[in-house]
Amino acid sequence: SAVELVVLDEVDSTNAEIVRRRPESGAGLVPVCIADCQTAGRGRRGRPWQSPRGQNLYLSLGLTFRGSFAMLDGLSLVLGVAVAEALEQQGVVDVGLKWPNDIFIGGSKLAGILVELQGELEEGVVQVVAGIGLNVHMKEAAAVDQSWNSLAMAVPERRWCRSELAAALINSVLRAVDEFAEQGFGGFRARWQSRDIFSGKALVASQGTLAGIGRGIDDSGNYLIADGEELVKVRAGEISLRVQ
Ligand code: BTN
């Protein structure tokens, strides 16, 4: 698919910008927005996303799907695979996925993905905004509540170029999304699972309601936890998991 690329010096959130611009964008073109910094970058679960100027990649794509909102759990994992594969093509090794779709390297978070529903364009056609925040040059950040990493810290021998990374991410995401739209989640399960950082680990749900050993995902992208004999299914968005 061809994209309509908008590059901004500053914006509240590239996801919000896609929502505002979408009605104007030409039919068939995928709107993509990149900003040098965000003043109100947003993360999953209502958290802020630190978005300092000139350092990282803040990228959003406006996607349109035939189908229902129910397919979006799968989409969110598909995007994680697409980002991981793009980074690997750029020579990054040992890229991990933390369910549902955080990108990890060396035990800490390198990139995050925020999938938001924009709405139904018409019966059976849904609009989704997919935002990717990738830490590229960031070396210090105030008020990040989890352990994080950046390409410059994880792979210091390489000079990282944000526009090259953006092109690789956009290509990988569009290819993956086409495959998902045509063939569903099936082809992504093994690609997601081979990068699963929870597999075989003792896990607890953040709410403390559930504990067990990580066993990967099922064919819809739900996470599986072995609690003794029992295999418990966790749906994306329902619960968050961490290593015990
Ligand atoms: C997460 O919490 O892990 C998701 C973070 C997503 C951040 C990206 S940066 C580009 C896009 N615009 C936003 O406001 N958020 C996403």
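The values are calculated or read from the model by the stated rules, or taken from the named source; none is laboratory data. Predicted model, so just to flag it, every value in this text is computed and none were measured. No Cβ is skipped: glycine too gets one built from the backbone with ideal geometry, and neighbour counts run over all protein chains shown.
Scan region 200-215 for residues that are within 21 Å of L110 (Cβ to Cβ) and crowded, with 17+ Cβ neighbours inside 10 Å and report the count.
So the answer is 2.
Would you call A236 surrounded by 13 or more Cβ atoms within 10 Å (Cβ to Cβ), in contact with a Pro (Cβ under 6 Å, 6 or more places away or on another chain) and of a type outside the set (F, W, Y)?
Yes.
Do you know which residues across region 190-244 are of a type in the set (D, E), without any contact (Cβ under 8 Å) to a residue 12 or more places away in the chain and closer than 21 Å to D73 by Cα?
E238
For region 67-84, which residues satisfy the criterion of being more than 12 Å from A236 (Cα to Cα) and surrounded by fewer than 20 Cβ atoms within 10 Å (Cβ to Cβ)?
Answer for region 67-84, where residues must be more than 12 Å from A236 (Cα to Cα) and surrounded by fewer than 20 Cβ atoms within 10 Å (Cβ to Cβ): G67, S68, F69.
Could you check how many residues of region 46-75 are closer than 20 Å to R22 by Cα and either assigned to a helix (DSSP H, G or I) or of a type in the set (S, T, N, Q) (or both)?
6
Return a yes/no flag: does region 38-47 have any residue that is at pLDDT 95 or above and either away from the ligand (no atom under 11 Å from the Cβ) or at positive phi (or both).
Within region 38-47, none of the residues are at pLDDT 95 or above and either away from the ligand (no atom under 11 Å from the Cβ) or at positive phi (or both).
Here's the yes/no breakdown for (1) within 26 Å of E4 (Cα to Cα); (2) modelled with pLDDT of 95 or more; (3) touching a Gly at 6+ places or on another chain (Cβ under 9 Å); (4) not polar (S, T, N, Q):
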position: F69; (1), (2), (3), (4): yes, no, no, yes
position: V81; (1), (2), (3), (4): yes, yes, no, yes
position: P100; (1), (2), (3), (4): no, no, yes, yes
position: G112; (1), (2), (3), (4): yes, yes, yes, yes
position: G124; (1), (2), (3), (4): yes, no, yes, yes
position: A142; (1), (2), (3), (4): no, no, no, yes
position: A166; (1), (2), (3), (4): yes, yes, no, yes
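Residues that are under 19 Å from V177 (Cβ atoms), within 12 Å of the ligand (Cβ to nearest atom) and surrounded by fewer than 21 Cβ atoms within 10 Å (Cβ to Cβ): does region 55-63 have at least one?
Checking region 55-63: not a single residue is under 19 Å from V177 (Cβ atoms), within 12 Å of the ligand (Cβ to nearest atom) and surrounded by fewer than 21 Cβ atoms within 10 Å (Cβ to Cβ).
Take the conditions more than 10 Å from the ligand (Cβ to nearest atom) and either over 19 Å from the mean Cα position of the chain (by Cα) or surrounded by 13 or more Cβ atoms within 10 Å (Cβ to Cβ) (or both) and apply them to L165. Does it pass?
yes
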